[in-house]
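The values are calculated or read from the model by the stated rules, or taken from the named source; none is laboratory data. Computed from a predicted model, the values in this text were never measured in an experiment. Quick reminder, even Gly has a Cβ in these numbers, built from the backbone with ideal geometry, and neighbours come from all protein chains shown.
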Amino acid sequence: MSTDSRRLGGAMIAAAWILFLGLLTLYFQDRLAERDNPNRDPQGRVVEGGIREVVLVRNRWGHYVASGAIDGHPVTFLLDTGATDVSIPQSLADRIGLERGRAYPVTTANGTIRVWSTRIATLELGAIRLHNVRASIRPGQEGEEVLLGMSALGGLELIQKRGRLTLRQHP
């Protein structure tokens with residue numbers, strides 16, 4: 001066997017390993033994302049009486065995290081019944097073009113901070129659609145998760161049972 005053939009064979013083996021490791025990385029990234037957000041595509045349904053219903057499952061830390069949209073832009077929600085408003089990180093709000101309203105102080109678990117008021121024209125979570133939702137823009141909030149607070153959840157019926165949270169929107 002010539003030196004060129006051995007080099008080619010070695011290169012093919014190296015390429016195969018790189019491809020295998022790349023596919024393995026993609027697989028495990030997807031599995032980890034599924035553990036963080038098991039509700040990446042919440043469908044929901046319309047039940048008797050026109051009630052829109054979405055069922056979410058808890059993630060591995062016991063939180064309800066779900067994919068949705070704000071004004072047509074994909075976002076990840078972390079449901080937070082302890083939050084007064086929907087709270088959006090400033091970097092995300094800037095990227096999706098939310099307008100800043102007046103600044104005001106809010107008290108959080110980490111102390112008092114100043115936020116800006118804003119309005120969400122359309123908030124979507126599976127089959128649920130909310131309009132003209134009060135929200136706040138938080139400067140310095142790490143990550144991209146939107147805290148889905150009571151300004152959105154307050155108009156829904158919430159039923160928690162056996163690691164599942166059913167959200168119902170009555171017509």
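Could you tell me whether any residue of the range 82-92 is assigned to a loop (DSSP other than H, G, I, E, B), within 16 Å of Gly143 (Cα to Cα), touching a residue at least 60 places away in the same chain (Cβ under 8 Å) and in the same structural domain as Ala121 (by TED's automatic domain parsing)?
no
Quick one: how many residues across the range 105-153 are in contact (Cβ under 8 Å) with a residue 60 or more places away in the chain, hydrophobic (A, V, I, L, M, F, W, C) and part of a strand (DSSP E or B)? Outline the logic, then answer.
Filtering the range 105-153 down to residues in contact (Cβ under 8 Å) with a residue 60 or more places away in the chain leaves 125-129, 144-153.
From what's left, hydrophobic (A, V, I, L, M, F, W, C): 125, 127-128, 146-148, 150, 152-153.
Now restrict to residues that are part of a strand (DSSP E or B): 125, 128, 146-148.
Adding up the residues that qualify gives 5.
For Gly126, are the conditions met, namely being on the phi > 0 side of the Ramachandran plot and surrounded by 13 or more Cβ atoms within 10 Å (Cβ to Cβ)?
yes
Looking at (1) in contact (Cβ under 8 Å) with a residue 12 or more places away in the chain; (2) touching a strand residue (DSSP E or B) at 6+ places or on another chain (Cβ under 9 Å), which is the one condition that is false for His73?
Just one mismatch for His73, condition (2).
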